[in-house]
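A short write-up of the structure that comes next.
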Amino acid sequence: MNIIFLGPPGSGKGTQAKILTEKFGIPQISTGDMLREHVGKGTDLGLKAKEYMEKGQLVPDEIILDMVKERLSESDAQKGFILDGFPRTVAQAEALDKILDSVGKKIEYVLALIVPDEELIIRLTGRRTCKNCGMMYHIKFKPPKEEGKCDACGGELYQRPDDNEETVKNRLKVYHQQTAPLIEYYKNKRILFEVDGSKSIEEITQQLLQILEKK
Ligand code: AMP
């Protein structure tokens, strides 16, 4: 099963992708996570990407496309994959089609999570992540038992540098200008499925499973 999660930052793409990954045994490929790993390790790619990420801008296509192409060729992605945060522009979507075409594959489902901007700002600015295990929290909606500490592993919680209000607003602007046109792109290919992303995590998962199991 080859799936794309489409949606603005904070719409729950990563959360749902992780759940589906477990359910179907196919990897979640998050370009944001891959870039953050490069930034953390201080690689050349990470150093280049950092300046864009800090401003909430998109990292140039050539960096992203090379990274994705390589990841998709790894053995665990051969029986399916869940793309999270990629593609983010029509140019990236067209390049992805070409990459998949060349190996006789195609995207079967584009799952679009719809959430209003006001809710996304509240979600993102309150988001905290465990440095150690990646577990996500929200200072208001899902606070840890002990402030700043992960319930699951005791790791330190941190706020992503691009989750401050100014950068969040810019990321949303970039989403509407550059990524939202993909909704039309995939609608035309008849593989787009829209889901109300303001429901609970469990309700959204149920809806997604219904879509994936129907075909
Ligand atoms: P995310 O974790 O998906 O919200 O991504 C965090 C940041 O990484 C974005 O604001 C961009 O700067 C960069 N990024 C992630 N995926 C892409 C992509 N497909 N194209 C360009 N930039 C990306």
Row for the chain, column shape: gyration tensor on C-alpha, a ≥ b ≥ c, rounded if a/c < 1.5 i.e. under 1.5, prolate if a/b over b/c, else oblate; value rounded
From the cross-link list Lys98/Lys214; Lys41/Lys131; Lys55/Lys169; Lys18/Lys199; Lys13/Lys41, the entries with a Cα-Cα span beyond 21 Å are Lys98/Lys214; Lys13/Lys41
In whole percents, the bins of 5 Å from zero upward hold the Cα-Cα pairs of the range 82-123 as 5, 17, 22, 21, 13, 9, 7, 4, 1
Between Ile4 and residues 5 or more places away or on another chain, the pairs with built amide H atoms under 5 Å apart involve Leu83, Tyr109, Val110, Leu111
Computed on Cα atoms, Rg of the range 106-205 relative to 2.2 N^0.38 Å comes out at 1.27
Once amide hydrogens are built 1.01 Å from N within the peptide plane, the residues lying 5 or more places from Ile191 or on another chain with amide H under 5 Å from its amide H are none
To the nearest Å², the heavy-atom accessible area per residue of the range 22-145 with 1.4 Å probe amounts to 54
Dividing the alpha-carbon radius of gyration of the range 1-91 by 2.2 N^0.38 Å, where N counts its residues, gives 1.07
Of the accessible area of the chain, computed with a 1.4 Å probe and all protein chains kept, carbon and sulfur make up a percent value of 50
Everything considered on the Cα gyration tensor (a ≥ b ≥ c; rounded for a/c under 1.5, else prolate if a/b is larger than b/c, else oblate), the range 42-122 must be described as oblate
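How much accessible area per residue does the range 171-215 have, in Å², with a 1.4 Å probe?
62
The values are calculated or read from the model by the stated rules, or taken from the named source; none is laboratory data. What you see is a predicted model, and the numbers here were worked out from it, not measured in a lab. Accessible surface is based on the protein model in full, side chains and every heavy atom, while ligands, DNA and RNA are left aside. Shrake-Rupley method; radii C 1.70, N 1.55, O 1.52, S 1.80 Å.
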